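Everything below concerns the one structure shown next.
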Amino acid sequence: MLVPFLIMLREGLEAALVVGIVAGYLARTGRAAWLPAVWTGIFLALALSLFAGAGLQLASAEFPQGIQELFEALVGLVAAGMLTAMVLWMRRAARSMSSDLRASIDAALAGGSGRGVALIGLVFFAVAREGLESVFFLLALFQQSQGAAAPLGALLGIGVSAVLGYGIYAWGLRLDLKRFFRWTGVFILFVAAGLLAGSLRHLHEAGLWNGLQAVPFDLSGWLPADGPVGVVLAGLLGYVPDPTLGELIVYVLFLVASLTLFLKPAGGDTGAPRPAAAGL
């Protein structure tokens, strides 16, 4: 439950920040009449995400076993790629996101009769990106989890992110967004590493990958995957008590490469103090 909650909290907050920046800028510049276009873009993006998720889930239910394993491997690969790209993009873009969005709004509303469509498209693509990332992540997670805990955690994360996003927009709520995105980014990279290792496992079960199947260690005797600690570690870090050599290599190499890219100082960061909280 914790993993989908944290992922959806971050994804939802990113989308809420974008919407809040757009809505706040329109209101402050005397263009609040364009707010219906913002809500239209949000609705269309949510509809696309829901239809994409439902379609993929229904299609996968009809697959034979081998194709099902391949589908789960591909979903895991796509989810890991999207999560990693999102984390690295946010690290670069957070510094200028607000000014870039304002410039995009001005450009969208500077045209002629197509200004409403341009604004709808701006919001649609911004929110749809987060929605489709969430769809692939949740598909990968729901394929590995049983019961209602994961969906409930995802819904709770969306709800909390919506409340925080509205608080930032309407009440001037101050959050240490830089620290929030940094720590959740590290967490998401561990989740992505687990998804990659799981995809390699699914490829083996589909009969497409049979290399590096030796098991270098087995911790199931003292830290079983179905025990309380094992369940938490599996959800948070992708823990498997008896990984194959291939899964271990993929997990470690991905973490080393992605954490190095994510944690290195950003270009132009002089280390000077910056405001801890981001306003809109």
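Values as computed for the structure displayed
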item	result
For residue 239, distant residues with modelled amide H under 5 Å away	234
Residues 8, 90 arranged by fewest to most Cβ contacts within 10 Å	90, 8
Sequence-distant residues sharing a close amide H with residue 209 (under 5 Å, placed H)	204
Segment 2-263, relative contact order [Cα under 8 Å, separation at least 6], %	33 percent
Additional length obtainable on full extension of the chain from residue 35 to residue 263, 0.36 nm per residue less Cα span	78.4 nm
Karplus-derived HN-Hα couplings along segment 68-83 (A = 6.51, B = -1.76, C = 1.60, θ = phi - 60°), whole Hz, x at Gly and Pro	4, 5, 5, 4, 5, 5, 5, 4, x, 5, 5, 4, 4, x, 5, 4
³J(HN,Hα), Karplus 6.51/-1.76/1.60, whole Hz, each residue of segment 32-44, x for Gly, Pro	5, 4, 8, 4, x, 5, 5, 5, 5, x, 5, 4, 5
Theoretical FRET efficiency, 1/(1+(r/R0)^6), r = Cβ-Cβ of residue 222 and residue 245, R0 22 Å, to 0.05	0.60
Footprinting exposure proxy for 244, 29, 84 (fewest neighbouring C-beta atoms within 10 Å first)	29, 244, 84
Residues residue 215 and residue 163, FRET efficiency given R0 of 45 Å [Cβ-Cβ distance, rounded to 0.05]	0.50
For segment 2-263: span of alpha carbons on each principal axis (Å, largest first)	65, 40, 31
Stretch gain in nm, segment residue 106-residue 57, where the contour uses 0.36 nm per residue and the Cα spacing is subtracted	13.7 nm
Rg to Rh, two decimals, where segment 202-257 supplies the alpha carbon set and Rh follows Kirkwood	1.00
Potential lengthening between residue 25 and residue 48 on full extension [0.36 nm per residue; Cα-Cα distance subtracted]	5.7 nm
In segment 1-93, the trypsin sites (Lys or Arg not before Pro) that fall in loop regions by DSSP, at most 16 other Cβ within 10 Å	31
Karplus-derived HN-Hα couplings along segment 222-234 (A = 6.51, B = -1.76, C = 1.60, θ = phi - 60°), whole Hz, x at Gly and Pro	10, 9, x, 5, 9, x, x, 5, x, 5, 5, 5, 5
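All of the numbers you see were taken from the coordinates with simple rules; none came from a lab. Worth saying up front: this structure is predicted, and the values here are computed from it rather than measured. Don't worry about glycine lacking a Cβ; one is built from the backbone with ideal geometry, like all the others, and counts go over all protein chains shown.
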